[in-house]
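Trainee: Got a structure for you, written out below as structure tokens; questions coming shortly.
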Amino acid sequence: MHTIPAFGVGTFRLTGQSVIDSIRNGLELGYRHIDTAQIYGNESDVGQAIAGSGVARAQLFVTTKVWTDSLSKDKLLPSLQNSLEKLQMSQVDLSLIHWPAPNDSIAVATYMEALAQAQAQGLTRLIGVSNFTIAQLQQAIAAVGAAAISTLQIEIHPFLQNRKLVDFARSQGIHLTAYMPLAYGKVMSDPVLQEIARAHQASAAQVALAWSLQQGFAVIPSSTQRANLASNLAAQELQLSDAEMARIATLERGERLANPDFAPHWD
């Protein structure tokens, strides 16, 4: 149902030369999934990095996200066309609604139908949502059908496991993408993750990423350091035991890092 590569490079908070270098390094190391967004202000840089990489567009999976100021019926498609111009592409692989409309000022059905229209017009191959609650996800499903929603991208890491939302998405057959999978680097200093990492001769970051991957989530960690990009990618080789997965499950503490003032009322 979905063809979202399990491992991607995130570009949140990266602009200019730092995002260009991150993507170029990532592509050289073997990354093929790149995640950006209108609000990141780096789509042009991302497009430049991809265009100069020598990697064929057909080999890449590129995601962008529609910002809250473009959710109205008349703005969504033009905003995506603008994103495509910046990215130097005729189509992205995945377009997400980045955040639901603040205070639900625009009905979920309105922008989901507009996003489906963008897909029908070929601006995007797949569509999905990000930062939705269960209720908003239900509304999105009512509008376009669960099968049309290729992923739900939400904050997931050992300290915020978002189980209620994860369980609901899974019950609807909706794939999950974990953003901030390293909790802004906080996983590196966690004693439990460090202990598991030592047992595998790995890093705590690799353990956190493997924990997400083993649950079937796609992950999109970001890094400006080539060594860290390579190390993160190597997490795919790490296999955690059931006991280790269970230990990491106990690290849940509801530590939400992405919680702007316009966020929905979380489940």
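The values are calculated or read from the model by the stated rules, or taken from the named source; none is laboratory data. Computed from a predicted model, the values in this text were never measured in an experiment. Please note: Cβ atoms are built from the backbone with ideal geometry, for glycine as well, and neighbour counts cover all protein chains shown. The accessibility values were calculated without ligands, DNA or RNA, using every heavy atom of the protein model including side chains. Shrake-Rupley method; radii C 1.70, N 1.55, O 1.52, S 1.80 Å.
Trainee: Along the positive direction of the dipole of the range 16-60 (beta-carbon charges: Lys, Arg +1; Asp, Glu -1; about the Cα centre), which of Ile50, Ser18, Ala37 reaches farthest?
Mentor: Checking the options against the dipole of the range 16-60, the answer is Ile50.
Trainee: Here is a further query. Counting only protein heavy atoms and a 1.4 Å probe, tell me what percentage of the chain's accessible area is made up of carbon and sulfur. Kindly include the intermediate steps, with their values, before the conclusion.
Mentor: Working: 5270 of 10930 Å².
C and S fraction of accessible area: 48 percent.
Trainee: Given Cβ point charges of +1 (Lys, Arg) and -1 (Asp, Glu) and nothing else, what value in debye, to the nearest 20, does the dipole of the chain about its Cα centre take? Could you put the intermediate results ahead of the total?
Mentor: On the way: 18 positive and 22 negative charges, 43 e Å.
So the magnitude is around 200 debye.
Trainee: At 222 nm, what value in deg cm²/dmol follows for the chain if DSSP H runs of at least 4 each add -39500 (n - 2.57) and the sum is divided by all its residues, to the nearest 500?
Mentor: Details: 10 runs with 105 residues, N = 267.
That comes out to -11500 deg cm²/dmol.
Trainee: Could you tell me which of rounded, prolate or oblate describes the range 52-207, using a ≥ b ≥ c as the square roots of the eigenvalues of the alpha-carbon gyration tensor, with rounded for a/c under 1.5 and, failing that, prolate when a/b is larger than b/c and oblate otherwise? Show your work: numbers first, answer last.
Mentor: On the way: a/c = 2.32, a/b = 1.47, b/c = 1.58.
Because a/c hits 1.5 or more and a/b fails to exceed b/c, the range 52-207 counts as oblate.
Trainee: Starting from the Cα-Cα distance between Arg163 and Ala6, subtract it from 0.36 nm times their residue separation and give me the gain in nm to one decimal. The partial results should precede the final answer.
Mentor: Values: separation 157, 0.36 × 157 = 56.52 nm, distance 1.93 nm.
That works out to 54.6 nm of additional length.
Trainee: Show the residues, 5+ positions off or on another chain, whose built amide H is closer than 5 Å to the amide H of Leu126.
Mentor: The list, which skips near neighbours in sequence, is Leu94, Ser95.
Trainee: Once the Cβ-Cβ distance between Ser105 and Ser241 is put in as r, and R0 is 41 Å, what FRET efficiency do you end up with, to the nearest 0.05?
Mentor: Numbers: r = 47 Å, r/R0 = 1.14.
Plugging the Cβ-Cβ distance into 1/(1 + (r/R0)^6) gives 0.30.
Trainee: Tell me, what is the per residue accessible area of the chain in Å², probe radius 1.4 Å? Each step should come with its number before you reach the end.
Mentor: Working: 10930 Å² over 267 residues.
It amounts to 41 Å² per residue over the chain.
Trainee: Given 0.36 nm per residue, what is the gain on full extension from Asp74 to Asn259 after removing their alpha carbon distance, in nm? All intermediate terms of the calculation are to be shown ahead of the outcome.
Mentor: Details: separation 185, 0.36 × 185 = 66.60 nm, distance 2.76 nm.
The Asp74-Asn259 span can extend by a further 63.8 nm.
Trainee: Counting DSSP beta bridges in the chain, what percent are antiparallel, to the nearest 5? Please list the in-between numbers first.
Mentor: Numbers: 1 of 25 bridges.
The answer is about 5 percent antiparallel.
Trainee: Kindly write out, for the range 121-129 in residue order, the coupling ³J(HN,Hα) from the Karplus curve 6.51 cos²θ - 1.76 cosθ + 1.60 (θ = phi - 60°), rounded to whole Hz, with x marking Gly and Pro.
Mentor: Going residue by residue, I get 7, x, 6, 9, 7, 10, 10, x, 9 Hz, with x marking Gly and Pro.
Trainee: Specify the inter-centroid distance of the range 20-83 and the range 199-217, based on alpha-carbon positions, in whole Å.
Mentor: Each part's Cα centre sits 26 Å from the other's.
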